[in-house]
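K.L.:
Below are the structure tokens for one structure; questions will follow.
The values are calculated or read from the model by the stated rules, or taken from the named source; none is laboratory data. Remember, predicted model here, so these are calculated numbers, not experimental data. So basically every Cβ, Gly included, is an ideal-geometry build from the backbone, and we count neighbours across all protein chains shown. Note: accessible area is taken over every heavy atom of the protein model, side chains too, but ligands, DNA and RNA are not part of it. Shrake-Rupley method; radii C 1.70, N 1.55, O 1.52, S 1.80 Å.
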Amino acid sequence: MANCKMIHMMIRVMDLDKSLKFYNDALGLKEVRRIDKPEGKFTLVYLGDGKGEFQMELTYNYDPEKPYVLGNGYGHIAVEVDDLEAMHAEHEAKGYRVGKLCGLTAGVNNYYFLTDPDGYQIEVMRKH
């Protein structure tokens, strides 16, 4: 049996600075590593939460002609927070695209969806 360890996930972004600001401001993710490849016309930026080793890779291809088609295969990434209602209110106050508080059980709100600048969905979940 293989002994695998998850290390990162990747998304392509249209505006690297805008995405870095969003992920830092909305979720507190910080840049932990950057690889610039001008000869290949791309930059990779790895973000971390400072709590674990898993990272998010933002891939910026220089001068993309049009926004990426996300398709129907991508679902979402998920983060957990201690105070779901406070985070929801903060994201709304900052003007982000925020969904309503939801839950899988009637009357119990455990998550909502936040949308990043490129249209990727982020499930913000109550820590359990």
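K.L.:
Within the bounds of the stretch 84-105, is there any residue that is at pLDDT below 95, closer than 18 Å to VAL13 by Cβ, open to solvent by 40 Å² or more (accessible area, probe 1.4 Å) and hydrophobic (A, V, I, L, M, F, W, C)?
P.N.:
Scanning the stretch 84-105, I find no residue that is at pLDDT below 95, closer than 18 Å to VAL13 by Cβ, open to solvent by 40 Å² or more (accessible area, probe 1.4 Å) and hydrophobic (A, V, I, L, M, F, W, C), so the answer is no.
K.L.:
Restrict the check to the stretch 65-73 and report whether at least one residue is in contact with a Lys or Arg (Cβ under 9 Å, 6 or more places away or on another chain) and of a type in the set (A, V, I, L, M, F, W, C).
P.N.:
Step one: list which residues in the stretch 65-73 are in contact with a Lys or Arg (Cβ under 9 Å, 6 or more places away or on another chain), which gives 68.
Remaining after also requiring of a type in the set (A, V, I, L, M, F, W, C): none.
No.
K.L.:
Give the residues of the stretch 7-29 that are in contact with a helix residue (DSSP H, G or I) (Cβ under 9 Å, 6 or more places away or on another chain) and within 24 Å of ASP63 (Cα to Cα), sorted by residue number.
P.N.:
ILE11, VAL13
K.L.:
Now, a different point. Out of (1) over 22 Å from LEU20 (Cβ atoms); (2) in a loop (DSSP other than H, G, I, E, B), the odd one out for HIS88 is which?
P.N.:
(2)
K.L.:
From the list LEU20, LEU47, LEU104, which residue is under 30 Å from HIS128 (Cβ atoms), touching a Phe, Trp or Tyr at 6+ places or on another chain (Cβ under 6 Å) and free of Cβ contacts under 8 Å to residues at least 60 places away in the same chain? Show your work before the answer.
P.N.:
Details: LEU20 fails: touching a Phe, Trp or Tyr at 6+ places or on another chain (Cβ under 6 Å); LEU104 fails: touching a Phe, Trp or Tyr at 6+ places or on another chain (Cβ under 6 Å).
Exactly one residue qualifies, and that residue is LEU47.
K.L.:
In addition: Keeping to the stretch 77-128, report how many residues are hydroxyl-bearing (Ser, Thr, Tyr), in contact with a helix residue (DSSP H, G or I) (Cβ under 8 Å, 6 or more places away or on another chain) and over 14 Å from ASP25 (Cα atoms).
P.N.:
Initially, the stretch 77-128 is screened for residues hydroxyl-bearing (Ser, Thr, Tyr), giving 96, 105, 111-112, 115, 120.
From what's left, in contact with a helix residue (DSSP H, G or I) (Cβ under 8 Å, 6 or more places away or on another chain): 96, 111-112.
Filter once more, so that each one left must be over 14 Å from ASP25 (Cα atoms): 111-112.
Of the residues in that region, 2 qualify.
K.L.:
In contact with a strand residue (DSSP E or B) (Cβ under 8 Å, 6 or more places away or on another chain), outside any strand (DSSP E or B) and open to solvent by 50 Å² or more (accessible area, probe 1.4 Å): is that true of GLU31 in this structure? Full working, then the answer.
P.N.:
Values: in contact with a strand residue (DSSP E or B) (Cβ under 8 Å, 6 or more places away or on another chain): yes; outside any strand (DSSP E or B): no; open to solvent by 50 Å² or more (accessible area, probe 1.4 Å): yes.
No, not satisfied.
K.L.:
Cβ-Cβ distance below 8 Å, separation of 6 or more or different chains: which pairs start in the stretch 76-95 with a residue that is touching a residue at least 12 places away in the same chain (Cβ under 8 Å) and among the basic types (Lys, Arg) and end on one that is open to solvent by 40 Å² or more (accessible area, probe 1.4 Å) and in a helix (DSSP H, G or I)?
P.N.:
As it stands, the answer is LYS94/ASP25, since those pairs meet every condition given.
K.L.:
Just checking, how many residues over the stretch 1-28 are open to solvent by 40 Å² or more (accessible area, probe 1.4 Å) and among the β-branched types (Val, Ile, Thr)?
P.N.:
Final tally of qualifying residues: 1.
K.L.:
If I filter the stretch 50-83 down to residues being of a type in the set (A, V, I, L, M) and assigned to a loop (DSSP other than H, G, I, E, B), which single residue comes out as farthest from MET10 (Cα to Cα)? Explain how you work it out, then say what you get.
P.N.:
First pass over the stretch 50-83, keeping only residues of a type in the set (A, V, I, L, M): 56, 58, 69-70, 77-79, 81.
Now narrow it down to the ones that are assigned to a loop (DSSP other than H, G, I, E, B): 69-70.
Working: VAL69: 15, LEU70: 13 Å.
Among them, the one singled out is VAL69.
K.L.:
Another question, then. Just name the residue that is farthest from HIS91 (Cα to Cα) out of those in the stretch 1-47 that are of a type in the set (Ser, Thr, Tyr) and under 15 Å from the mean Cα position of the chain (by Cα).
P.N.:
Residues of the stretch 1-47 that are of a type in the set (Ser, Thr, Tyr), as a first pass: 19, 23, 43, 46.
From what's left, under 15 Å from the mean Cα position of the chain (by Cα): 19, 23, 46.
Working: SER19: 15, TYR23: 12, TYR46: 23 Å.
Among residues in the stretch 1-47 that are of a type in the set (Ser, Thr, Tyr) and under 15 Å from the mean Cα position of the chain (by Cα), the one farthest from HIS91 (Cα to Cα) is TYR46.
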